[in-house]
Structure formats: C-alpha cells, structure tokens
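First the structure, in the form of structure tokens, and then the observations on it.
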Ligand SMILES: NC(=O)c1ccc[n+]([C@@H]2O[C@H](COP(=O)([O-])OP(=O)(O)OC[C@H]3O[C@@H](n4cnc5c(N)ncnc54)[C@H](O)[C@@H]3O)[C@@H](O)[C@H]2O)c1
C-alpha cells in the first residue's frame, strides 16, 4: 500500500534549526526517522540539540553557518554529503525581523533606516535564495530534490510596523514560485519547491511585541487574536503536520504552493 508519509532515512537540511520553530521541526523530523542536518549560528545551542535528538534515538548533525555566506554554505553542503551521502530536502528556516527595519508606533516611513531594511531583506530573502542555489546543485546531481521555504503572514497582506520583514517574506513567496517553475521545467518533476506560511507564533523575537511582562497580551497581541478565528497564537507543533506533508512524497504533485498555517488569520476579515 502507499507509504507516502514515510520520511525514514531522508536527509533533511534545516537552516535556523536551533530557533524556536526550527527546534521543534528538527525533533519531529528526527523522531520520524529522518537524518537531520541542523545549520545555524550558535554552536552551543546546536550541539545541545543534536545531543537531545541522539539521546532520543534520532540521527542529526550540527554545522555552523551564515545563510548569507555562499562559501560557508558550500562547505556545509559538502560536509553533509560527506557524512550522509545525499541531500533530499532543504528547509530554509533561518530568518526573522530586526528592530531597525520596523516603524515604531510613534514613527512614520520617513524614520525608516534603509541599512536595517537592507539587512532584513538580506537575511530573509538572500538567506533563502543563496542556500536554495547551493543545495539545489547537489539535488540536481542526484536528480531529485525538495525545498521548503518559510514565509509569513506578513507576506500575504502587509502588517503594520514590520515593513522590511514583510517585503522580504513577500519576496520569499515569489521566489518559491519562481524556483518551483525553474527546477521542474529544467530538471523534471522530481524537484519541488513550496513554502510553509506560519501565522503568529510567540517566539523570542516577537515576545515583547505581543505579550507584556505579566504574560497578558499587548494591544498588538490582542488585535491579532481578534483577527484570528481560532482566537489563539500558534504552538510550534501546529506546523509539524503540514511540514511533514511538504517534505514527504505525500505532496509529490505539489510545487510552487504556499501552505498557510494560521488559525484562519488570512481568511478572516470581520
Ligand atoms: N515566530 C513566528 O510567529 C513566525 C511567523 C512566521 C514566520 N516565521 C519564520 O519562521 C522562521 C523561524 O522563526 P522563529 O520564530 O523560530 O525564529 P528564531 O529567532 O527562534 O529562529 C531563527 C533561527 O535563524 C537563525 N539565524 C538567524 N540569522 C541567521 C544567519 N544569518 N545564518 C544562519 N542562521 C541564522 C537563528 O540562529 C535561529 O536559529 C523564520 O524564517 C521566521 O521569519 C516565524
């Protein structure tokens, strides 16, 4: 019978794998038998995560990276293939907002610092484009590959304040579709590129934007909840089923799509 969701022994690379959402993805994928290559900046966090995965019977390796640095990524890809022999899936998870690229409540667009805007575009957009190209080269040699990018609710309709982040994530969605067409038309249907689009999840980067010190929601936090039919923020585990679908053969005729996981935020008006 069909075994579409089987990801045992798939080699899955995840950038930003030590982050809040990344960590839960790494643990989940390893628990389902994937060999996970965790790429992130912080070696201490990375080593601790690998130790935890291994103590639970999973297989994972950590490599320090900078997703905007092509030379480092090329070395990462070589090290992964040396150890695991192939690369089946790339999850471009590294990304995030930067305070300088946002417009504060008492500011206007004229206060925007273009250098900070550029930095956030560099991390989120180029930090997806460069790894995609570096790892796709190995996938093309292997005649099979699958890339999952991480977009954001801010890409679908601009959110107030996060000007740079929203622009960068919108470009990630566009690049997802571009790359899906590029790889499939030139190399065949064994190449797929999709995006996972999380709604609002409380993580270290947005905690102070969404919650007060006593745990209650800020005005912005309350506004988001009021616009979310499920009336709650996401838990990292809410993403895992959709991620599993995208990295597995269950989605083998699916490419260039954006899978929204947001408790209904995007579908809801008043
Ligand atoms: N938290 C949310 O609500 C939310 C919503 C939508 C999308 N996202 C996206 O999901 C992804 C994960 O977000 P998170 O909330 O877990 O954030 P996080 O800050 O916890 O994790 C981000 C990870 O990216 C890594 N990283 C940052 N810059 C890097 C660089 N130059 N090179 C390599 N690694 C780098 C960090 O080390 C960290 O591991 C991001 O792309 C984020 O934009 C998050």
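The values are calculated or read from the model by the stated rules, or taken from the named source; none is laboratory data. Note that the structure is predicted; figures quoted are calculated from it, not measured. All Cβ positions, glycine included, derive from the backbone under ideal geometry; neighbour counts span all protein chains shown.
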Only residues that are surrounded by 15 or more Cβ atoms within 10 Å (Cβ to Cβ), within 16 Å of the ligand (Cβ to nearest atom), modelled with pLDDT of 95 or more and assigned to a helix (DSSP H, G or I): list them for the range 76-115, please.
76, 77, 80
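So that you can scan it fast, the table gives a plain yes or no per residue for (1) within 17 Å of the chain's Cα centre (by Cα); (2) within 13 Å of the ligand (Cβ to nearest atom):
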residue	(1), (2)
11	yes, no
38	yes, yes
56	no, no
67	yes, yes
State yes or no: is residue 16 touching a helix residue (DSSP H, G or I) at 6+ places or on another chain (Cβ under 9 Å) and within 19 Å of residue 85 (Cα to Cα)?
no
Would you be able to say whether some residue in the range 43-50 is buried (at least 24 other Cβ atoms within 10 Å of the Cβ) and outside any strand (DSSP E or B)?
no
How many residues are assigned to a helix (DSSP H, G or I) and more than 11 Å from the ligand (Cβ to nearest atom) if we restrict to the range 145-168?
3
